[in-house]
Every structure is written in C-alpha cells, then in structure tokens.
Amino acid sequence: KFGARLETINEGIRREGALYLFTLRLIPIFPFFVINLVFGLTTLKTWTFAWVSQVGMLVGTAVYVNAGTQLGQLESLSGILSPGLLGAFVLLGLFPLIVKRVMIALKARKALARFDRPQEFDYNVVVIGAGSGGLVTSLIAAAVNAKVALVEKHKMGGDCLNTGCVPSKALLAAGHVAERIRRAGRFGVNGVEPAVDFAAVHDHVHDVIAGIAPHDSVERFEGLGVRVIQEYGRFTGPDRVQAGDTEVRARRFVVVSPAPLTFQKIGN
C-alpha cells in the first residue's frame, strides 16, 4: 500500500542511509528501539546498520557515562560545584548542539566535494533581485564594507517601485481625493462630482515613480560601492552565478527574486 511513498524514503536510504542512522544514534531524543523498528523497514543493509549503530552509540554513551561517573563521585552538596561535574553537565547539554553542527558541516562537505573551492572569492555576497529586499540587503552589506554584487535583469526597484506598492498607492491617493470631493457636502461644503482626467492621473502616478527612482537607481548603488550587473542570473555551481557574460563567485548568495530561477544541472 505504501510502496510508492516508501520508495522515496528508500532512495534517500540508498544514498545516505548510513549518515541518517549515524545522526539519529547521536541524538538522545530519539529512542533506540524506535530507530531499530523504523530502519528495519528500509533497505539499509544489516552490516551497515550494525557498525554504524555501534559507532554512533559509542560517542553518546561516553558522554552519558562521564556524567554518571561524576555524579557517582559526589560526596557532599559542595561537590555539585566541582569543575568535573559542571563540565560533565555542560558537555551533556552541548552534545546535541555539537552533533547538529558537525552533521551539517559533514553534509555540506559531502555536497561540495565535487566542486573546486577557490581560495578567494570575487564578492562577500551576491544579491539576486533588485526589489525592496535586494536593495536593502545590498545597502546594509555595503555599509559594513562587504564586497557586494547586485544582479537584476529588469528594472531597479522591482515590483514595489514599478508595478506594485508605489504606483498603487499613488493611484489610491488620487481616488481618495476624488471621494473627498464627492462627500464634501457632509461638512457644509458644496460637493460636486469630480471630473477625473485619467491621463493626468496616469502622469501623476509616473511622476511619483520618477521621484523615487533615483533612490533605487544603478548610479546610487554603484556610488555606494555595490557592483550592479543588469543581466539575468543563473546558478552554475554552489558558489557561482553566471550573469550574461560575467561569472561571479561569492561566499554567500541572497535570492530575493519573485521570478523563477534557473539552476544549471551539474553532474548527477
């Protein structure tokens, strides 16, 4: 009944089953008997299950035995503050966090193993998308002297400036003024039906956009030290983006684009 759903799980087990099991053995929150039952339903080989379990449990057991040993040596209440006991409990508390960080590092190392890792990067951060989020991110990064590149194929300011927040609020402002004129009679003022010149309203909306645009412009951000690349960007590796004829490599990427991204498939 669950064959199709289990196939996805088994595929992950075939690829990284030993790593999954090792991680679970290191985290004390998962009861071992539950882990045994669950992995018994997977395609993980018995020998792999056995040796990974022993290695995984050994580390955790050493931490718990150390804490138990320190408690067993406690002879008075003053001994609670002994360095050995305090150290044992600190290690006990930090153990799950340490395991989590180590497993994240190992997984990242495995994922990046087939890519060459440069000694130096072109930028500290590359921001993809020059909307509100991308502009603020670039501005803050540049303010702390980071090397920043901003990739945007279309208009600076994104949807907010060009098609969303700013033009809609300008249009609403014109509508509110017309409605106030209609309801002026409630305040003892002779109200009349306003004559709306839509072309003039259209010009008003674009004047508002034009007034804000210099704050979001390429010139302003390049003046702040941000390199603006006006091209469509696509990831070609874990630390690189191809934007037109330019390849940029960075330690970190911030994707703030509403448009679908292109990820070039590399290997398997």
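The set of residues from the range 236-248 being without any contact (Cβ under 8 Å) to a residue 24 or more places away in the chain and buried (at least 16 other Cβ atoms within 10 Å of the Cβ) comprises ARG240, GLN242. For the range 177-198, the set of residues classified as in a helix (DSSP H, G or I), open to solvent by 90 Å² or more (accessible area, probe 1.4 Å) and charged (D, E, K, R) consists of ARG180, ARG182, ARG186, listed by residue number. Every residue in the range 1-38 that is surrounded by 13 or more Cβ atoms within 10 Å (Cβ to Cβ) and either in contact with a Phe, Trp or Tyr (Cβ under 6 Å, 6 or more places away or on another chain) or aliphatic (A, V, I, L, M) (or both), please. Result: LEU6, ILE9, ILE13, ALA18, LEU19, LEU21, LEU24, LEU26, ILE27, ILE35, VAL38.
Only one entry in VAL196, VAL218, VAL192 is among the aliphatic types (A, V, I, L, M) and within 30 Å of ARG252 (Cα to Cα), namely VAL218. The numbered conditions (1) more than 21 Å from THR61 (Cβ to Cβ); (2) more than 29 Å from the chain's Cα centre (by Cα); (3) surrounded by fewer than 15 Cβ atoms within 10 Å (Cβ to Cβ) are all true for LEU44 except (3). Applying the set (1) modelled with pLDDT under 90; (2) assigned to a strand (DSSP E or B) to ALA111 leaves exactly one unmet item: (2). Selection within the range 199-235: residues that are more than 14 Å from VAL126 (Cα to Cα) and outside any helix (DSSP H, G or I). The member of this set that is most open to solvent (accessible area, probe 1.4 Å) is LEU224.
Within the option set GLY60, GLY79, GLY87, GLY164, being modelled with pLDDT of 75 or more and either closer than 30 Å to VAL241 by Cβ or surrounded by 13 or more Cβ atoms within 10 Å (Cβ to Cβ) (or both) holds for one residue only, GLY164.
Within the range 146-159, the set of residues being within 18 Å of VAL248 (Cβ to Cβ), surrounded by fewer than 19 Cβ atoms within 10 Å (Cβ to Cβ) and not small (Gly, Ala, Ser) comprises LYS147, LYS153. Among residues of the range 153-177 that are among the β-branched types (Val, Ile, Thr), those with a beta-carbon under 9 Å from a residue that is open to solvent by less than 90 Å² (accessible area, probe 1.4 Å) at least six positions away or on a different chain give the pairs VAL166/GLY157; VAL166/CYS160; VAL166/VAL205; VAL166/VAL208; VAL166/ILE209; VAL166/ILE212; VAL177/PRO194. Screening the candidates THR23, THR43, THR48 for the property of being hydroxyl-bearing (Ser, Thr, Tyr) and within 23 Å of PHE95 (Cα to Cα) yields one hit, THR23. Looking at ARG220, ARG227, just one residue is at pLDDT 90 or above, out of contact with any strand residue (DSSP E or B) (no Cβ under 8 Å at 6 or more places or on another chain) and within 18 Å of ALA146 (Cα to Cα), and that residue is ARG220.
The values are calculated or read from the model by the stated rules, or taken from the named source; none is laboratory data. Small disclaimer: the values here were computed from a predicted structure and weren't measured. Please note: Cβ atoms are built from the backbone with ideal geometry, for glycine as well, and neighbour counts cover all protein chains shown. Each accessible area value is taken on the protein alone, full model and side chains, heavy atoms only, with ligands, DNA and RNA left out. Shrake-Rupley method; radii C 1.70, N 1.55, O 1.52, S 1.80 Å.
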